[in-house]
């Protein structure tokens, strides 16, 4: 069985999607629709902007979403997923690709999400840190002991987690994690503490927009971040999307559950190859490939 997976923020690169724009009529039309919806020419920034342009949250998230969804659409009748999943932002790409949302509605939500997250970041100084070579349970235990807000945000693969929270709490946790034997506990260059309680203002802001968006039954199960389980019920999908902003991305568990459900091949659609690498580390017996 074939699983399609969609990347999250951080995979962007200058020139992304230009081949689709130039050579695929449907993609060209949807790119122009995206420019109209966003109110600025994101195509110009994606195809010929700078790295700094693409690092702006209001650009990064829509750019990755657009690129990923249009790659899926470019496959036409060859896009026959048995299941889909996306990492954080990628969950919106997965839902649109699987027919649960229209391209326009998905892009509007992604844009609103990016802006809400940016505003939440500005309310309180916060950050994230990558932690390597410690068991999940050890990282969870140390985070629970540290004063302040610090939680596990991304379970990327065994031995690779990201923690998220207030800057002082992250600093204290990193010291303890290194003392506990972590190979690395390194703060990331991000604008704030994504997938943590620090994103509560963004979650509350986005909840209304998600509730008002029409969600359809997808063509296949969508394994969602918050519980790593397959969903097809529109009400459940909405509730999980709202919870996602303050809940961890359970990617390790998601991939394992997809394999248990029969996935033997994972195809990453979107910029970069991060998810291909993570899937291979989670289970070396499955086939991985990608389009970017």
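The values are calculated or read from the model by the stated rules, or taken from the named source; none is laboratory data. Bear in mind the structure is a predicted one, so any value in this text is a computation, not a measurement. Ideal geometry is used to build each Cβ from the backbone, glycine not excepted, and the neighbour counts take in all protein chains shown.
Within the option set 104, 94, being in a helix (DSSP H, G or I), over 17 Å from the mean Cα position of the chain (by Cα) and at pLDDT 95 or above holds for one residue only, 104. The single condition among (1) farther than 21 Å from residue 119 by Cβ; (2) surrounded by fewer than 20 Cβ atoms within 10 Å (Cβ to Cβ); (3) touching a helix residue (DSSP H, G or I) at 6+ places or on another chain (Cβ under 7 Å); (4) assigned by TED's automatic domain parsing to the domain that holds residue 275 that residue 207 does not satisfy is (1).
Just one of the listed residues (99, 8) is under 30 Å from residue 128 (Cβ atoms) and in contact (Cβ under 8 Å) with a residue 24 or more places away in the chain, and it is 8. Scanning the stretch 15-40 for residues that are in contact with a helix residue (DSSP H, G or I) (Cβ under 8 Å, 6 or more places away or on another chain) and either part of a helix (DSSP H, G or I) or at pLDDT 95 or above (or both) yields a total of 15.
If the condition is being in a loop (DSSP other than H, G, I, E, B) and either free of Cβ contacts under 8 Å to residues at least 60 places away in the same chain or outside the structural domain of residue 266 (by TED's automatic domain parsing) (or both), then the stretch 216-236 contributes 226, 227, 228, 229, 232, 233.
Which of the residues belonging to the stretch 210-227 are crowded, with 20+ Cβ neighbours inside 10 Å and within 23 Å of residue 161 (Cα to Cα)? Listed by number, the residues that qualify are 222, 223, 224, 225, 226. Against the numbered list (1) crowded, with 21+ Cβ neighbours inside 10 Å; (2) out of contact with any helix residue (DSSP H, G or I) (no Cβ under 6 Å at 6 or more places or on another chain); (3) in a helix (DSSP H, G or I), residue 44 comes up short only at (1).
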